[in-house]
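Participant: Mind having a look at this structure? Questions to follow.
Bear in mind that the values in this text are calculations on the coordinates, not laboratory data. All of these numbers come straight from a predicted model, not from anything done at the bench. Neighbour counts are summed over all protein chains in view; Cβ atoms, including those assigned to glycine, are modelled from backbone coordinates with ideal geometry.
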């Protein structure tokens with residue numbers, strides 16, 4: 001009975017104090033008027049709940065402002081609207097827990113590689129419903145079987161034991177597959193590209209928007225990755241003078257790329273160089289075909305065009321066996337973006353991706369028109385014009401060179417043919433072939 005009376009008395013006292021706060025202390029006294037709860041002691045401290053990251057994440061519906069001591073990260077943490085944030089840690093400098101994802105968006109049709117941005121640390125990943133569910137690699141490859149919004153967490157720890165954590169919600173979607181779109185010259189020939197009305201007639205309205213002959217295509221909803229296959233155009237041909245002189249064939253480039261639905265892709269389809277117009281003329285070079293991200297002007301695939309047909313020949317074969325134009329080169333990724341060199345007698349040098357050619361041959365970044373000196377103009381796609389006897393270089397990532405004459409530049413014998421444009425492929429699962437395309441270029445995007 002005595003204990004019951006004491007408990008009741010204590011309850012009454014605490015109830016009376018609830019309006020002005022509660023003080024917990026070995027020393028009696030009222031709590032500070034500004035505090036709902038005051039802890040006062042000179043020999044002991046206040047200890048927050050201690051738990052690991054896994055235990056913390058298991059707290060159901062944490063209130064904003066909830067605090068714990070995380071034994072995994074050695075940090076006092078508080079829950080905010082953006083998630084758990086460190087307030088105070090046993091470290092002066094924290095490692096960077098950011099990470100990147102490629103390809104992104106994440107789809108159920110393949111694996112995505114998660115890459116921690118800080119090298120030389122230890123890593124602990126967790127992937128909700130992923131395969132694998134966890135990893136200690138810096139760049140694990142993870143896949144999901146079902147579309148969902150899942151949590152990905154990364155804890156990075158440096159050599160001093162200091163840790164940081166990043167939690168992200170990732171949307172895994174069922175990407176659309178089984179479609180394709182073919183892009184052509186829309187009936188246009190010569191040094192300039194097609195118009196909007198020409199491409200509307202070829203594809204139907206709304207498939208592309210056209211500006212200056214460059215076609216802009218929007219990645220359809222649900223499409224997460226594409227395969228790009230591009231062919232450069234053939235150089236122009238020359239008839240007469242003892243034979244028929246073919247232009248060099250365009251290159252073929254194919255690669256796979258991650259894309260974002262709604263992203264815009266710019267496409268320039270190379271056009272065949274203009275054929276030689278008289279008994280003395282060579283032919284214009286073939287235009288390169290370009291597929292480029294609109295957002296950052298980054299080339300995905302560039303397929304070089306072939307060099308224009310020349311009237312030069314090699315005496316070792318015996319006239320009138322004439323050399324043809326050079327084919328579009330194999331991939332060139334280490335020689336820079338440069339325009340081609342002029343040959344003799346106005347066999348023009350073609351344009352590169354962003355470097356000018358000669359005789360108004362334009363790079364892709366300036367519009368891509370072909371050279372326009374003399375009658376054998378270069379094809380749309382940066383190709384060069386012809387010269388007397390000589391073909392123009394093919395357009396591409398690097399511009400092809402114009403043809404040259406032999407025997408001190410005054411004879412067609414022992415001359416050199418115009419060269420094809422260089423090619424570039426920044427994709428995965430590449431398949432590349434030099435010198436295979438006849439006629440105009442083409443681009444096919446499939447998903």
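Participant: Cβ neighbours within 10 Å, averaged per peptide: list 376-389, 263-276 in order, most packed at the top.
Facilitator: Per-residue Cβ counts within 10 Å, averaged per peptide and sorted highest first, yield 376-389, 263-276.
Participant: Considering the Cα positions of segment 20-89, please state its Rg to one decimal place and its Dmax as a whole number of Å.
Facilitator: Rg, Dmax (Cα atoms, Å): 15.0, 41.
Participant: A further question follows. Roughly speaking, what is the centre-to-centre gap between segment 60-106 and segment 34-57 when only Cα atoms are used, to the nearest Å?
Facilitator: 19
Participant: Please compute the Cα-Cα pair-distance distribution of segment 91-239 with 5 Å bins starting at 0, giving whole percents from short to long.
Facilitator: P(r) for segment 91-239, in whole percents per bin: 2, 8, 14, 13, 11, 9, 8, 8, 8, 7, 6, 3, 2, 1, 0, 0.
Participant: While we're on this one: Plugging the Kirkwood radius over Cα pairs into Stokes-Einstein for segment 99-173, at a temperature of 4 °C and a viscosity of 1.567 mPa s, what D comes out in µm²/s?
Facilitator: In µm²/s, the coefficient rounds to 104.
Participant: Could I ask something else about it? For segment 236-275, what class follows from the C-alpha gyration tensor (a ≥ b ≥ c being the square roots of its eigenvalues): rounded when a/c is under 1.5, otherwise prolate if a/b is larger than b/c, else oblate?
Facilitator: oblate
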